[in-house]
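This report concerns only the one structure given below.
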Amino acid sequence: MAAARLVLLHSPLIGPMAWRGAAAELAARGHPAEAPAWPRFSTIDEGYYDALADSLGATLADRGAPLVLVAHSGAGALVPALAARLPIQPAGVILVDAILPHPGRSWFDTAPAGMPDQLRAGAQFGELPRWCDWWPPGALERLVPDAGVREAMLAELEPLPLAYFEEPAPIAQWAGSTAYLQLSGAYDSESQVASRSGWPLVRLPLHHLAMLTDPAPVAAALASLAARLAEPAHG
């Protein structure tokens, strides 16, 4: 049976470039993969979750089956709405250092204590700074030391609408097969939920942007998790 097509979903706070190295590694392992782009926030007036899911759902509608959605970071919250737009239910979801879906709650509702107030304080004219400007000086350089790679990633960033972080996620639920790939200690709580839930789980001692800087081990872990997701359906 042909390997499932992996759809590598970047966080809406960054761009698809972060996944392209991992997509190439997966293709080399016989796993068709693509890293499509969410629409830019600057093209959306309101209803961010629905607009993001509508746009990418239309892009993926003709891909056929099976699809496995691979969601990094903030894209985890968008999985239920996107899956609901697809004509065929995805074969599974792999969350990668990702927040968990939170129907009916906003991004700020799930953020660490103090972060919403800190971000709101930095908003200007209803916009938050680009994601890279949330980091302490030098932190991003340590995670992504290659200047060319880092600049290519930064070129895809844009100011972020405060309203997105305040908008409750749609009530849509994802009840299908789920796996978790943890890349950094910041997502210990989410990986613990995955463990308690009996999801296939891999922990790599890397960092939040490892799919950009270390695509080979990330791709290997994704291939393994995709195979484990397929086991219940195929023996």
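On full extension, the segment bounded by residue 120 and residue 193 gains 23.4 nm, given 0.36 nm per residue less the C-alpha separation. Rg ratio for region 96-184: its Cα radius of gyration over 2.2 N^0.38 Å, N being its residue count, equals 1.28. In terms of surrounding Cβ atoms within a 10 Å radius of their Cβ, 14, 171, 94 rank from fewest to most as 171, 14, 94. Working value for region 39-87: equivalent-ellipsoid semi-axes of 19, 13, 9 Å, each the square root of 5 times a Cα gyration tensor eigenvalue, largest first. Length available on full extension from residue 27 to residue 171: 0.36 nm per residue minus the Cα-Cα distance, which gives 48.4 nm. In order along region 196-203, the Karplus-derived 3J(HN,Hα) couplings, from 6.51 cos²θ - 1.76 cosθ + 1.60 at θ = phi - 60°, round to 5, 7, x, 6, x, 9, 10, 10 Hz, and Gly and Pro are given as x.
Across the chain, the relative contact order, built from alpha-carbon pairs under 8 Å that are at least six residues apart, equals 24 percent. Compared with the direct C-alpha span, the chain from residue 102 to residue 63 gains 11.4 nm at full extension, assuming 0.36 nm per residue. For residue 140, what is the net charge nearby, where nearby means another residue's Cβ is under 10 Å from its Cβ and Lys, Arg count +1, Asp, Glu -1? Neighbourhood net charge equals 0.
Counting Cα-Cα pairs of the chain in 10 Å increments starting at 0 gives whole-percent bin shares of 7, 34, 39, 17, 2, 0. Under 17 Å from a point 7 Å along the Cα-to-Cβ line of residue 158: which residues of region 10-34 have their amide N that close? Taking a point 7 Å out along Cα→Cβ of residue 158, the residues of region 10-34 whose backbone N falls under 17 Å are 10-18.
For the chain, the mean residue ellipticity at 222 nm estimated from helices alone is -11000 deg cm²/dmol, where every DSSP H run of n ≥ 4 contributes -39500 (n - 2.57) and the total is divided by all residues, rounded to the nearest 500.
Residue-wise HN-Hα couplings along region 189-195, as the Karplus relation 6.51 cos²θ - 1.76 cosθ + 1.60 with θ = phi - 60° gives them from phi, are 4, 5, 5, 5, 4, 4, 5 Hz; Gly and Pro carry x.
Between helix 17-28 and the chain there is an angle of about 10 degrees, using the helix long axis and the longest principal axis of the Cα atoms.
Put simply, the amide H of residue 98, placed in the peptide plane, has neighbours under 5 Å in 73, leaving out anything fewer than 5 places away on its chain. Only the Cβ atoms of Lys and Arg (+1) and of Asp and Glu (-1) were treated as charged; on that basis the dipole of the chain about its Cα centre amounts to roughly 700 debye. Under Stokes-Einstein, with the Kirkwood radius over Cα pairs as Rh, the value for region 1-76 at 37 °C and 0.692 mPa s is 251 µm²/s.
No lab work stands behind these numbers, since they all come straight from the coordinates. These figures come from a predicted structure and were not determined experimentally. When we count neighbours, we look across all protein chains shown, and the Cβ atoms used for this are built from the backbone with ideal geometry, even at glycine.
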